[in-house]
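Here the structure comes first, spelled out in structure tokens, and everything after it is commentary.
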Amino acid sequence: MGKLARRSDRRGQKPRNAKGTRVRRDGFDGEFVPGQQFSVDMRIRRQAAEVLEAKVTAARWPLVLEAIEAAAWPVETYLGKFLKGGYDVIRFRSDPADVGEMLHRLSRMTKLPVEAVAREPHKHLPFWLDDEPESHDVGLQPFRWFQMLYYSHFLLRASTADRYAYYATPEMSALIEAGQSADRDHDVAVTVADLPSSRGVLYLAPADGVPDHGRVLVWNETGRDSGSGTDVLLIAMLTVPALRWWLARADGALPTDGNRLYRVVNDYLPVFPFAEVQLSPAESDAAPSAPNRSGGAGFTDVGPDEPAHSVTAMNDLDYVARTFFSMVNMLRGNKFVESTRQQSARMRDNDGVVKRMREVTYLSYRQPRSASSASSSEGSGKLSHRHVVRGHWRRHWYPSQKRHLPMWIDEHLQGPADAPIVVKSKVTVVRPPAENESVE
């Protein structure tokens, strides 16, 4: 899992932003019974699933954040106990005098010595630790896969902790998409201070208006890595069908719809792929690191006739990271982005109490000035024609900050207003192989 796992091994504790014991909003405050972690706050989750099935509005978007948190925190708590047991075994193997709480509890439950539990943890935990047993029950996973399972749910829960809800209009989503696909040779630094918030959830409204083509971007800044000294960010993207399926699912039984899940004891859980990125150091002009792949198997309910990016967005983590940084850079004072705060709609909680959710940050596209005047500052010399300039990023140096900041140059016509328009076609020429070259 890259540096995330090593950080947790060194600290021997949950990452920052992890909450302690939590009371269910529907009144449950006891120990979980098997499978109960999947049915917490189903009223809110079903409401959110209905919102995602139709056209999502900014006013209703915070309800989905409530549902994500409601679905993620019980499973995170459930998995966290097993995860702690794995870390206890790792520490005990390094130092037999270090007997963690979970390892001690397993020893008492099994009536076996601590040494016996630590020697064969796969008999008492739903995973093994790099020493795969010769035979094991179906459903056991290597510890690294179990870590990914836990941290994918941790990310979903942590991204909603402060209820930072962002909503991008279809035009704004298209602009973010254009920014992520633009030439990346001019990447600039992105530090923690440049983020719109340390954690949040962004809804990217579909440009074609089809609800299932929407995407959801979640992120959480987990703190500073003690090895590199840089801040670490976790990012994930979910398709709307995948999110709706997960929120409406009230049990951990084996499904029949073909979604790839992982077994933990007698429950089946999805691993949401997520990217782990090291942000730029403070007062640095270096770009963030390339994303480390943390989490491998995604699932989606979209059909084969959907756009390719809607199917692969969850699994292509480089695409996920580029989309996130495109959003961040667009918000950093870009002239094409209008960011406003709007009040959300009201909802009823499980006790029937009407409450207003927090406000949502509404991101819309600000129409630029005329193309000819907007492009007058670009290039030099007098042009005899007009041509289309494709949208691209430009690095702009700020002496006061001693670093570059990005500037998005929107697609426009460049040249005199009264000049004729010339459309240039790009032709790819395939060179035939030489006589001494073989064709495979």
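Extension gain, residue 119 to residue 131, is 3.4 nm, computed as 0.36 nm per intervening residue step minus the present C-alpha separation. In a DSSP loop and with at most 10 other Cβ atoms within 10 Å, there are no trypsin sites (Lys or Arg not before Pro) in the stretch 139-183.
Taking the Cα centre of the stretch 40-156 as the origin and placing charges on Cβ (Lys, Arg +1; Asp, Glu -1), which of 73, 97, 118 is farthest toward the positive end of the dipole? About the Cα centre, the residue reaching furthest to the positive side is 73.
Per-atom-type breakdown for the stretch 104-241 gives carbon and sulfur 48% of the accessible area (1.4 Å probe, protein chains only). Placing a pseudo-label 7 Å from each Cα along the Cα-to-Cβ vector at residue 162 and residue 282 gives an inter-label distance of 1.6 nm. Working from label points 7 Å from Cα in the Cα-to-Cβ sense, the residue 226 to residue 358 distance is 3.0 nm. 3J(HN,Hα) along the stretch 42-52: 5, 4, 5, 5, 5, 4, 5, 4, 5, 4, 6 Hz, from the Karplus curve 6.51 cos²θ - 1.76 cosθ + 1.60 with θ = phi - 60°, whole Hz, x for Gly and Pro.
Say R0 is 22 Å: what FRET efficiency, to the nearest 0.05, do residue 109 and residue 36 get from their beta-carbon distance? Spell out each step's value before the answer.
Values: r = 19 Å, r/R0 = 0.88.
Given R0 = 22 Å and the Cβ-Cβ separation, E is 0.70.
The values are calculated or read from the model by the stated rules, or taken from the named source; none is laboratory data. Only a predicted model underlies this, so the values are computations on that prediction, with no experimental measurement involved. Glycine gets a Cβ as well: all are built from the backbone with ideal geometry, and neighbour counts include every protein chain shown. Quick note on the areas: whole protein, heavy atoms, side chains included, nothing else; ligands and nucleic acids left out. Shrake-Rupley method; radii C 1.70, N 1.55, O 1.52, S 1.80 Å.
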